[in-house]
2 protein chains.
Amino acid sequence: MVVTLKDIAKETGKSITTVSRALNDYDEVSSATKELVRNVASELGYTPNIFAQRLQKQYTDTIGLIFPTFGPRFSDPFFSELLAGIGNQAADLGYDLLVSTRAPGDEEIKAYRAMVQGRRVDGFVLVRTRRKDARVECLQEADYPFVAFGRAKGRYEFPYVDEDGLYGMRLLTRHLISLGHRRIACISPPPELMFAHYRLQGFKDGLTEAGIPTDDALLRVGNLTQRDGYEQAKILLDLPSPPTAIAACNDLMAFGAMSAAQDRDLVVGKDISITGFDNIPMAEYSHPSLTTLHQPLYQIGAMVCKMLIRLLQGEELDEKKILLKPELIVRQSSGLLKS
Amino acid sequence: MVVTLKDIAKETGKSITTVSRALNDYDEVSSATKELVRNVASELGYTPNIFAQRLQKQYTDTIGLIFPTFGPRFSDPFFSELLAGIGNQAADLGYDLLVSTRAPGDEEIKAYRAMVQGRRVDGFVLVRTRRKDARVECLQEADYPFVAFGRAKGRYEFPYVDEDGLYGMRLLTRHLISLGHRRIACISPPPELMFAHYRLQGFKDGLTEAGIPTDDALLRVGNLTQRDGYEQAKILLDLPSPPTAIAACNDLMAFGAMSAAQDRDLVVGKDISITGFDNIPMAEYSHPSLTTLHQPLYQIGAMVCKMLIRLLQGEELDEKKILLKPELIVRQSSGLLKS
DNA sequence: CTTGACTTCCAAAACGTTTTGGTATATGAT
DNA sequence: ATCATATACCAAAACGTTTTGGAAGTCAAG
């Protein structure tokens, strides 16, 4: 018992054309007719068949989002906040959000191709860009609109929002240095992730500008999980001359590093300083609370989404490339170097 | 230059009907023709227009999921793991996932109604059921298929997967009692959440069966966040006769409670025992590591999704109601009562 | 030779919209 | 009386599929 335009037409005695136009508020329908049609429509409980609309017009009012998930224990607070930002913004602007979750790799690209080929979505939001990002290439090749959270290397440019990881990490490194630390380790994300590059570089720049040589033994890589933070920190603490501060490149790894230090009865913030990046809500309530860089993930999600929808609606973007300065949040996990 | 059936028909010299049938592997097309059509189709790079298909057939091959998000700082590892489970399963079975994020309340129900009215999705996955769940009523009223993660009170039954929170919390309470604890507090979720009821009841049952009276001063409510765990634990620790153990009803609140205890220089696992529920990946790498109940969220997501798709395809479910027994994971945050 | 069954194919209708290309009537200017 | 313009409407086409209801041809049985 689905109500269609035809039913309204029959009921009002008007043609389907007129009904359609009345509902879409065209000029060439008298206001009396419009009123009539609208009343009957709401009386019958009419809702347009979205697939008929989409078949006719050639767009879908849907944006695509493919989350790169790593294995079954994918559990990153980072993503849920970002998703909320994107999702709420999309809903507010009347767009649907088609979400897929795939591990990076072939399956992921296949998922993109399927959405592109089938023209299932009008455009994409890309998250966590990679250095040489197959997804970017895939979408650019197909000339599909997208906005990314993160930058990438490549031939062509694309609109993005990104946090200025270089600036942020430099700020943070300076902070640690100002506390007296000289042996500072960094646990950075896998280098294929674009933001890993900036954050690591910022760290190195911070050292360099203070005249501290970088010690490769103090540079570790972790897969952004608490587990990896824990394990890499263990390795660092086992060094003959261990660091007095560890800058983890995200909060989750920082938590892991904190656990590793605490397992050895080090007091974090006194015996050793540990810092993160992202300022996920948990950072405020860990013990000790975490010194980190704030990244407004919810807002970033909303921004990226809004930019994409602007693009889809043919508007020009005021700014195609947005770089946000993360804010240093000093809490208890970083403290003066014990003399 | 989108390739349609018409193009293939023209190219092969067959009719559109035959082409459609060849591609759908109907019997009444000769194998020679099938072969020809299929070759031409892949040569031209044909992909069916999904909206035309959906208009014609009356289903969408899409399932809906509306995440209840609480404010901008929505950041729950619980959800990302669940999403991954649902998303990957849906993709594997050839279904799209339409995700919306809305705070519980009017907007949320409106989102459901919009999806239902517009027949945008074939069915729903419902997560985090509430005692009297407007979403359940909305969907049952519209006779829309759905499978829930969680139970709910109501007139009619529905298929669900749920963890046996009552059993789990009883197990955990017993564990704490066996360690010598008698003054045990519980930080439970807001009572409108259905699982809050079971977990709290399990806690009470555990006390009762050991002959320990429940002290209402030791029952606190928190909104599942680390922050709330922190604050409720502070209140508990300020009591004239504070608890020696705190059972938080999820891991996030347990982490918050741990921070609160540690802020007072209590050693968690020695001076006080603190436990969680969910066993999110972080639980293993907190300091101390968290005693908790394991809930296989990824698998639950996958199960719920699979059940729904079964339903949509008209199959009977072997089991309409699945109750999983959570497993007690004893780690360092719970220890013998200090005498 | 006729009949019926089977195989292989096709034209047209249907799904529910929006858009195209009109028509009919009224109004006012010439 | 004629023309131009504006207003209010509509039939039919289009979007790209699947399904309906045949039709033509072949073959074997009667």
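The values are calculated or read from the model by the stated rules, or taken from the named source; none is laboratory data. Quick caveat: nothing in here was measured; it's all calculated off a predicted structure. Cβ atoms come from the backbone with ideal geometry, glycine included; neighbour counts cover every protein chain shown.
Anything in the stretch B:105-126 that is β-branched (Val, Ile, Thr) and assigned to a loop (DSSP other than H, G, I, E, B)? List them, or say none. Passing the criteria: only B:Val121. Pairs are defined by a Cβ separation below 8 Å, a sequence spacing of at least 6 or placement on different chains, a first member in the stretch A:17-46 that is away from chain B (no Cβ under 14 Å) and near DNA strand D (Cβ under 8 Å from one of its atoms), and a second member that is at pLDDT below 95 and assigned to a loop (DSSP other than H, G, I, E, B); the pairs so defined are A:Thr18/A:Val29; A:Arg21/A:Glu28; A:Arg21/A:Val29; A:Ala22/A:Lys14; A:Ala22/A:Val29; A:Thr33/A:Lys14; A:Lys34/A:Asp25. Checking each residue in the stretch A:1-16 for being free of Cβ contacts under 8 Å to residues at least 12 places away in the same chain, under 18 Å from A:Ile50 (Cβ atoms) and more than 7 Å from DNA strand C (Cβ to nearest atom) picks out only A:Met1.
If you take the residues in the stretch B:262-278 that are surrounded by fewer than 24 Cβ atoms within 10 Å (Cβ to Cβ) and not acidic (Asp, Glu), which one is nearest to A:Ser289 (Cα to Cα)? Out of the qualifying residues, it is B:Gln262.
Of the residues making up the stretch A:219-240, those that are at pLDDT 95 or above, part of a helix (DSSP H, G or I) and crowded, with 21+ Cβ neighbours inside 10 Å number 6. Residues in the stretch B:181-196 that are touching a helix residue (DSSP H, G or I) at 6+ places or on another chain (Cβ under 8 Å) and either assigned to a strand (DSSP E or B) or crowded, with 18+ Cβ neighbours inside 10 Å (or both): B:Ile184, B:Ala185, B:Cys186, B:Ile187, B:Ser188, B:Pro189, B:Phe195. Among the residues of the stretch B:23-37, the one identified as closer than 23 Å to A:Arg113 by Cβ and within 12 Å of DNA strand C (Cβ to nearest atom) is B:Val37.
So, in the stretch A:254-275, of the ones that are more than 10 Å from every other protein chain (Cβ to nearest Cβ) and in contact (Cβ under 8 Å) with a residue 40 or more places away in the chain, which residue ends up farthest from A:Thr244 (Cα to Cα)? Residue satisfying both the conditions and the ranking: A:Ala254. Can you find even one residue in the stretch B:66-74 that is within 16 Å of DNA strand C (Cβ to nearest atom) and among the basic types (Lys, Arg)? Checked against the condition, which is being within 16 Å of DNA strand C (Cβ to nearest atom) and among the basic types (Lys, Arg), the stretch B:66-74 yields no hits at all. Number of residues in the stretch A:81-91 that are more than 7 Å from chain B (Cβ to nearest Cβ) and either within 14 Å of B:Pro72 (Cβ to Cβ) or without any contact (Cβ under 8 Å) to a residue 12 or more places away in the chain (or both) equals 4. The residue list A:Ala111, A:Ala90 contains one member that is within 27 Å of A:Gly222 (Cβ to Cβ) and surrounded by 17 or more Cβ atoms within 10 Å (Cβ to Cβ), which is A:Ala111.
When the residues of the stretch A:38-51 are filtered to those that are assigned to a helix (DSSP H, G or I) and within 11 Å of DNA strand C (Cβ to nearest atom), the one that is surrounded by the fewest Cβ atoms within 10 Å (Cβ to Cβ) is A:Leu44. Cβ-Cβ distances below 9 Å connect the following pairs, each with a first residue in the stretch B:62-80 that is within 7 Å of another protein chain (Cβ to nearest Cβ), a second residue that is at pLDDT below 80 and surrounded by fewer than 23 Cβ atoms within 10 Å (Cβ to Cβ), and a separation of six or more residues or different chains: B:Asp76/B:Phe70.
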